[in-house]
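Worksheet for the structure shown next.
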């Protein structure tokens, strides 16, 4: 070994380098005058990078120099616990044995434990009981040099600081901890400045009244709560599931009553209990409404889907992120099923979907299921699934309803949609279902409201017994299942219905073996897999929204909608295509009815009932041929037949000539 290397190796390591290696490169060291705690330089406003300069580090080489550490965030969470008494540090270490191996120093007595805190920690404090001192932000603690009393600081445990969360520290039960309740006291002090004293006393110290606004503000500070003035409802945020849940004024009143009682006992103001009356609590709740009012909190929807174990967020570029709940989502609707990126649903697909519908319709069902899960009807369409009885339609609808959440759905009743309170029942729901309906379900008086319920239109909802109404918007997803083909009450608005409809037809044979409660079987075995299938459908739909702003349909899917609308106005089409005006001719009601039934059979349609035909036909003939109904048409020598004069059934050869033309 060369002489220079020997001499270099023999040089002692400076205290600064030794403690930097032990405590960490991210520690903020401060030079102090020997035997004191007085810094040689200013340090509080000095950037950490400045401590690494040659000029700054040269200050530690002026022997002798004390070395201190600027604690807390300045040193990346390095904190210290100082004990004056040996018995206190012994008791503490007995309950925190792993801290036996963290950095430990000693000045004149007791000792100091150096630890690095991962996460939040309380402010620096020196409790009155003097068992310990907690040193963190804005504190300077000496680790090397000479104590003011004349002895040198000793390094008792020459180890690096142990890293842990503050909550992991176990404190002796008999020690009062200043930070326990400190946040609450600070909040109360702030509220007192803003709203005034919580209560008022007389000269004898008895409470004579309470400050309703203070107690309302305290409740809002301690609970994440809002009041929707349109719905006239309180909502409180549930940290456990990420939902904003309704809470009744009665519950709010009871919670505030309990809080006042708690304060009365903590402050030994027992006369405060006397002030807990219904009248005063009602005044507190009224004040709370004004403090936490938030209008329209739930009227918009960001691109996320709320599931049992988190939230999936969809960005415009197609990226999907799975994360934690957030109160800022203002979500009232959650799927009860958890997201699992590896989950599959082979039975659902191979036993329920693929055997029942064509591949293009299976894809449409997947995209619509994703939309139902999203909970906001962006394309303003609703789904009809019709066809083969026992083909799986009802099972699918029940599965989608379970995925969305039973609490988030409601039964659709078109015969009640024109009634006063029906739409109020949809408050807070996202999915409306019409399971196994009759063929005239969309012929009911209130059926036209479906266009409003899915079209994004504002509408007023009134609750029974409530004072006034509130605004809601038609963003509901709707699915209707039926064994027969539905007919729609068009009311001269076929174009609007065409923009609103999706139709999936079950035309394949029903399975030979029926599985009882098959939806429950599939949900129990493959619930998360079916959820993932629906989520993948929403990802597909997102791409279609970006490209077209709507579902992309195949020709056969569009034709299915056109056919349903044509069948819905079959009588109108029949009148235009099979009847004609002709002077001196006539036609009876029975002849028209028979021809209409044959016309529908040729088209593969279901004819309207004779009662509907008899009720509707006079207006159609009057509109098209300007003649009224007669009750004296002659047939077989009798002049008492009902029908129309100057109208006749078109001859087939005339029809062919029109078609050729």
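Here residue 585 and residue 513 are evaluated by their C-beta separation; at R0 = 60 Å the FRET efficiency comes out at 0.55. Using Cα centres only, tell me the gap between the stretch 386-440 and the stretch 230-297 in whole Å. So the separation of the two Cα centres works out to 36 Å. Here is the P(r) of the chain: all C-alpha pair distances, binned every 20 Å from 0, give 14, 28, 27, 18, 9, 4, 1, 0 in whole percents.
Given contacts defined as C-alpha pairs under 8 Å and at least six residues apart, what's the relative contact order of the stretch 15-168, whole-number percent?
Values: 307 pairs, mean separation 43.5, N = 154.
Reported as a whole number, the value is 28 percent.
Here 513, 44 are placed in order of increasing Cβ neighbour count within 10 Å, fewest first, which gives 513, 44. Every helix of 4 or more DSSP H residues in the chain counts as -39500 (n - 2.57), and over all residues that averages to -10500 deg cm²/dmol at 222 nm.
Ranked by Cβ crowding within 10 angstrom, fewest neighbours first, how are 499, 381 ordered?
Numbers: 499 15, 381 20.
Ranking 499, 381 by Cβ neighbours within 10 Å, fewest first, gives 499, 381.
As a calculated quantity, the FRET efficiency between residue 125 and residue 76 at R0 = 22 Å, using C-beta atoms, amounts to about 0.60. On a 0 to 90° scale, report how tilted helix 359-374 is relative to the longest principal axis of the chain, with both axes built from alpha carbons and the result rounded to the nearest 10. Tilt of helix 359-374: around 50 degrees.
Comparing Cα centroids, the stretch 162-185 and the stretch 110-151 end up 15 angstrom apart. Placing a label point 7 Å from the Cα of residue 347 along the Cα-to-Cβ direction, the residues of the stretch 502-529 with a backbone N closer than 18 Å are 511-529.
Counting every alpha-carbon pair across the stretch 324-391, the share separated by more than 18 Å comes to 55%. Return the distance in nm (one decimal) between the two label points of a simple spin-label model at residue 554 and residue 299, each offset 7 Å from Cα along Cα→Cβ. Result: 4.1 nm between the two label points.
Output the 0 to 90 degree angle, nearest 10, between the alpha-carbon long axis of helix 393-404 and the longest principal axis computed from the alpha carbons of the chain. Tilt of helix 393-404: around 30 degrees.
Extents of the stretch 569-660, largest first, come to 34, 30, 26 Å (Cα atoms, principal axes, whole angstrom).
Put simply, the C-alpha atoms of the stretch 15-168 give a gyration tensor, and the ellipsoid matching it has half-axes of 24, 18, 14 Å, longest first. Axis of helix 555-568 versus longest Cα principal axis of the chain: the two differ by about 50°, to the nearest ten degrees.
Simple spin-label estimate for residue 152 and residue 271 gives 6.6 nm between the two label positions (7 Å along the Cα-to-Cβ direction from each Cα).
What the Cβ-Cβ distance of residue 245 and residue 118 gives, at R0 = 41 Å and to the nearest 0.05, is a FRET efficiency of 0.80. How much of the calculated P(r) for the stretch 74-232 lies past 24 Å, in percent of all Cα pairs? Cα-Cα pairs of the stretch 74-232 separated by over 24 Å account for 50 percent. When each of 121, 70 is scored by the number of other beta-carbon atoms lying within 10 Å, the sequence from fewest to most is 121, 70. Modelled label positions at residue 108 and residue 62, each set 7 Å beyond Cα in the direction of Cβ, lie 2.6 nm from each other. Panel note: the C-alpha atoms of the stretch 182-292, placed on their principal axes, show extents of 46, 32, 22 Å (largest first). Stokes-Einstein diffusion for the stretch 442-516 at 20 °C, viscosity 1.002 mPa s, with a Kirkwood radius from C-alpha pairs, works out to 139 µm²/s. Percent of Cα pairs in the stretch 346-564 per distance bin of 10 Å, from zero to the largest separation: 8, 34, 38, 17, 3, 0.
Each value in this text was obtained by applying a stated rule to the coordinates, not by laboratory testing. Predicted model only: the values in this text are computed from it and were never measured. Please note: Cβ atoms are built from the backbone with ideal geometry, for glycine as well, and neighbour counts cover all protein chains shown.
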